[in-house]
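The values are calculated or read from the model by the stated rules, or taken from the named source; none is laboratory data. Please read these numbers as outputs of a predicted model, since none were measured by experiment. Positions of Cβ are backbone-derived with ideal geometry, glycine not excepted, and every protein chain shown enters the neighbour counts. Remember, those area values only see protein heavy atoms, side chains included, never the ligands or the DNA or RNA. Shrake-Rupley method; radii C 1.70, N 1.55, O 1.52, S 1.80 Å.
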Amino acid sequence: MTAKYHLIIDPELRDELRDLYARAKADPNGPAAKQFEAVRLGLSALREGREDEFAGERLGRSDNHPDLRDCAEIKIPVVEEFNRRGRPMGPSHRLTYREFDGPTESHLPVRQVVAFAPRKDGEIFDVTATRLGRTKGVALDELDHLPTVRPATGPAKEAGRPVRPPRMPLPPDLAQAFKAMEGLAPPTSSAPPATNQMPTAQRSTPNRGSARDR
């Protein structure tokens, strides 16, 4: 399908995907190969704007959670998980991402893929928050213009919860990473999704002065 977004991969996620690719090549039938294939499908969905096919939804914040109002997730089945009654618990893993304007009007919008991790025990949200410099219970002033959705599961989740993240202006560090992609060939299906055909965002220091406890 036609790409609708450029992808930028978080540097730590890129390293994780390179490791997954190496382990998948060494053991094509092992768990790393299954994870790698799941990530590959997820990245393709984000690049092509098919997040609704993966039960995508926007993240939020609360006093007991980090402020992730500018993020969204897609849900990816990797391993089967069951509750105490033996019922399936749904997709085991998540990909989290943010969305930004393209660097110019002639460019596609940009999606920064932040983390790939299990859903269990909220690991994906902890990893995402750490990589974005977010702290549990601390709201960010620069996100106050965004509507808040409460982290919730099951029937407690809001009806009509947005699927995609809000589109934000492209920050300088991601704009710089995007420049690194200019002139590179597009990624092929045979190449690992974390090779130099996708730029890595330089990790910027969060602006702690723009956050406040709530």
Over the range 27-42, the set of residues outside any loop (DSSP other than H, G, I, E, B) and of a type in the set (Gly, Ala, Ser) is ALA32, ALA33, ALA38, GLY42
Please enumerate the residues belonging to the range 132-141 that are surrounded by fewer than 20 Cβ atoms within 10 Å (Cβ to Cβ) and part of a helix (DSSP H, G or I).
ASP141
From (1) open to solvent by 20 Å² or more (accessible area, probe 1.4 Å); (2) on the phi < 0 side of the Ramachandran plot, pick out the condition that doesn't hold for GLY90.
(2)
Members of the range 64-84 that are closer than 30 Å to LEU143 by Cα and acidic (Asp, Glu):
ASP67, ASP70, GLU73
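Counting only residues that are more than 21 Å from LYS4 (Cβ to Cβ) and touching a residue at least 12 places away in the same chain (Cβ under 8 Å), which one in the range 95-121 is surrounded by the most Cβ atoms within 10 Å (Cβ to Cβ)?
Selected residue: ALA115.
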Within the range 48-60, identify whether any single residue is under 12 Å from the mean Cα position of the chain (by Cα), under 27 Å from ALA175 (Cα atoms) and assigned to a strand (DSSP E or B), and answer yes or no.
yes
Out of ALA55, ALA26, ALA22, sole residue that is without any contact (Cβ under 8 Å) to a residue 12 or more places away in the chain, among the small types (Gly, Ala, Ser) and open to solvent by less than 80 Å² (accessible area, probe 1.4 Å):
ALA22
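May I ask you to verify whether LEU41 is open to solvent by less than 50 Å² (accessible area, probe 1.4 Å), under 14 Å from the mean Cα position of the chain (by Cα) and over 14 Å from GLU73 (Cβ atoms)? Don't jump to the end; show me each part of the working.
Values: open to solvent by less than 50 Å² (accessible area, probe 1.4 Å): no; under 14 Å from the mean Cα position of the chain (by Cα): yes; over 14 Å from GLU73 (Cβ atoms): yes.
For LEU41, the condition - open to solvent by less than 50 Å² (accessible area, probe 1.4 Å), under 14 Å from the mean Cα position of the chain (by Cα) and over 14 Å from GLU73 (Cβ atoms) - is not met.
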Scanning for something within 22 Å of ARG164 (Cβ to Cβ), of a type outside the set (S, T, N, Q) and without any contact (Cβ under 8 Å) to a residue 12 or more places away in the chain, does the range 133-141 turn up at least one residue?
no
Looking only at the range 10-22, filter to residues that are in contact with a Phe, Trp or Tyr (Cβ under 8 Å, 6 or more places away or on another chain) and of a type outside the set (Phe, Trp, Tyr); which one of those is farthest from GLN112 (Cα to Cα)?
LEU20
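Determine which member of the set ALA175, ALA129, ALA152 is at pLDDT below 75, surrounded by 12 or more Cβ atoms within 10 Å (Cβ to Cβ) and not hydroxyl-bearing (Ser, Thr, Tyr). So that I can check it myself, show each step before the final result.
Details: ALA175 fails: at pLDDT below 75; ALA129 fails: at pLDDT below 75.
Sole residue among the options that is at pLDDT below 75, surrounded by 12 or more Cβ atoms within 10 Å (Cβ to Cβ) and not hydroxyl-bearing (Ser, Thr, Tyr): ALA152.
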